[in-house]
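Accompanying notes for the structure given below.
The values are calculated or read from the model by the stated rules, or taken from the named source; none is laboratory data. Source: prediction; values computed, not measured. Here the Cβ is made from the backbone with ideal geometry for all residues, glycine too, and neighbour counts use every protein chain on show.
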Amino acid sequence: MNEYDSDKMVDVMHGAEGYTQTDSVDEADLILFNTCSVREKAQEKVFSDLGRVKHLKAKGVQIGVGGCVASQEGAAIIARAPYVDVVFGPQTLHRLPELLNARKAKNKPQVDITFPEIEKFDHLPPARVDGACAFVSIMEGCSKYCSYCVVPYTRGEEVSRPFDDVMAEITHLTKQGVIEVNLLGQNVNGYRGQLVKGDATSEIVDFAYLLDRIGEMDAMKRIRYTTSHPNEFGQRLIDCYARNPKLVNHLHLPVQHGSDRILMAMKRGYTSLQFKSTIRKLRAIRPDISISSDFIVGFPGETDADFEKMMALIHEIGFDNSFSFIFSPRPGTPAANLADDTPHAVKLKRLQHLQATIEANAQKIAQRKLGTVQRVLVERAADKLAGQLLGRSECNRVVSFAGHPRLIGQLVDVTITDAKAYSLKGEIVIQ
Ligand code: SAM
Ligand code: SF4
């Protein structure tokens with residue numbers, strides 16, 4: 001989501017003001033930080049990063065802070081780092097040019113961290129595409145209010161983009177050579193989009209409907225999405241996997257924990273059994289679908305027994321990959337006030353055990369790919385190995401193989417000859 005927002009900031013500044021992107025801080029006239037506040041470390045890093053560029057103000061460089069830390073801290077960022085020129089939130093990044101102009105005109109730092117609903121999408125220039133894969137945001141914000149999470153406070157409540165807007169953006173992308181779309185949102189399966197934009201009487205359509213319509217587009221060959229929520233993973237969505245072969249054989253479905261007691265304290269709204277039942281139904285349709293997930297270790301009050309339940313779930317499902325972190329108390333969230341007496345060292349040990357288990361599992365899954373033919377979307381030439389191309393399999397592993405650069409941007413079949421946990425090597429199948 002943040003990568004997508006960063007690209008949008010580049011698009012906005014490129015379109016409105018003719019800025020171009022540079023990787024060199026010394027060349028920059030404007031430095032923008034896109035920030036994350038999901039965990040504490042990411043938040044603190046912003047201020048140390050700001051300190052590192054502060055000296056560039058002397059030569060007239062402008063500095064902006066966007067994203068969720070900006071949304072959470074607002075004017076407090078200017079108070080702590082008065083050399084910052086503009087502070088903007090995830091929902092106001094399209095106003096960046098106006099904010100920078102106002103900064104100059106009023107000679108005063110500008111802050112805009114409001115949530116003007118879906119206005120953002122109406123004011124973004126058409127995306128500039130680099131490659132055959134693209135992200136498309138279909139909804140913004142989150143209304144789930146899990147007890148540990150800051151997102152509903154920093155990105156606002158869930159708002160879905162109108163269906164015809166999403167389809168128009170995807171059509172535009174296919175005309176630029178995009179053949180794989182990754183639909184983005186905090187809970188994409190909570191999508192409830194108006195069929196016709198601006199028509200209050202028009203029908204509201206759900207995520208399954210959107211997937212079906214994208215599946216019907218000849219030019220779009222692959223569909224991914226990030227992230228969905230177990231609660232809204234109903235039969236309508238599961239059935240899409242039977243009729244829509246463009247939906248990749250990989251699902252990232254965050255479970256967070258395996259102990260019902262902790263899931264309830266997290267306010268996730270499902271039990272471990274309900275999660276398993278969803279996966280069982282999906283695997284009845286796609287037996288070899290790869291499942292990855294998010295986990296939080298060391299939630300306040302997590303006992304050894306709770307952690308064992310989490311590990312039991314991990315063994316049962318056979319997760320293929322994880323984004324797993326130690327619980328970080330976020331100011332303003334209910335879980336931040338819960339008593340927490342588990343020593344950090346214990347949490348760290350649990351996290352390492354969880355990650356090692358999932359990696360060992362990924363290794364086993366990768367081994368099973370040996371000798372199989374995987375459909376790979378070719379992304380680029382390998383930097384260090386002449387003649388080698390890199391792409392991504394449906395199960396979300398990087399695949400390297402020898403091939404001509406003209407294949408970049410296309411789907412090819414590759415026979416797997418070597419397998420590490422998250423990367424595969426192979427030989428292209430000559431047709
Ligand atoms: N909406 C998605 C969901 O419900 O699963 C995930 C979005 S959330 C921004 C990304 C991940 O950050 C979560 O799945 C969770 O594992 C992690 N996360 C959120 N708040 C956290 C916290 N306070 N401490 C540690 N990890 C956290
Ligand atoms: Fe955060 Fe995801 Fe829960 Fe929303 S559903 S509050 S984004 S963890």
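Taking interchain pairs and intrachain pairs at least six residues apart, which have beta carbon atoms under 7 angstrom, with the first residue in region 261-272 and surrounded by fewer than 20 Cβ atoms within 10 Å (Cβ to Cβ) and the second assigned to a helix (DSSP H, G or I) and modelled with pLDDT of 95 or more?
261/306; 269/231; 270/230; 270/231; 270/263; 271/260; 271/263
Can you tell me which of (1) touching a residue at least 60 places away in the same chain (Cβ under 8 Å); (2) of a type in the set (A, V, I, L, M); (3) more than 16 Å from ligand 2 (Cβ to nearest atom) is the one residue 358 doesn't meet?
For residue 358, the exception is condition (1).
List pairs: first residue in region 134-151 and within 30 Å of residue 164 (Cβ to Cβ) and without any contact (Cβ under 8 Å) to a residue 60 or more places away in the chain, second residue within 12 Å of ligand 1 (Cβ to nearest atom) and among the aliphatic types (A, V, I, L, M) anywhere in the structure, Cβ distance under 7 angstrom, at least six positions apart or on different chains.
Hits for this filter: 136/184; 139/188; 142/151.
In the set 151, 136, 159, which member is touching a Leu at 6+ places or on another chain (Cβ under 8 Å) and not small (Gly, Ala, Ser)?
Matching residue, one of 151, 136, 159: 136.
Hey, among the residues in region 215-260 that are closer than 17 Å to residue 307 by Cα and away from ligand 2 (no atom under 12 Å from the Cβ), which one's surrounded by the fewest Cβ atoms within 10 Å (Cβ to Cβ)?
260
Which number in (1) in contact with a Ser or Thr (Cβ under 6 Å, 6 or more places away or on another chain); (2) closer than 25 Å to residue 121 by Cβ marks the one condition that residue 180 misses?
(1)
What residue, among those in region 150-184 that are within 12 Å of residue 210 (Cβ to Cβ) and hydrophobic (A, V, I, L, M, F, W, C), is nearest to ligand 2 (Cβ to nearest atom)?
183
How many of the residues making up region 124-149 are more than 9 Å from ligand 2 (Cβ to nearest atom), part of a loop (DSSP other than H, G, I, E, B) and among the charged types (D, E, K, R)?
Counting residues in region 124-149 that are more than 9 Å from ligand 2 (Cβ to nearest atom), part of a loop (DSSP other than H, G, I, E, B) and among the charged types (D, E, K, R) gives 2.
Which of the residues belonging to region 121-169 are under 16 Å from the mean Cα position of the chain (by Cα) and more than 16 Å from ligand 1 (Cβ to nearest atom)?
Of everything in region 121-169, those that are under 16 Å from the mean Cα position of the chain (by Cα) and more than 16 Å from ligand 1 (Cβ to nearest atom) turn out to be 133, 134, 136.
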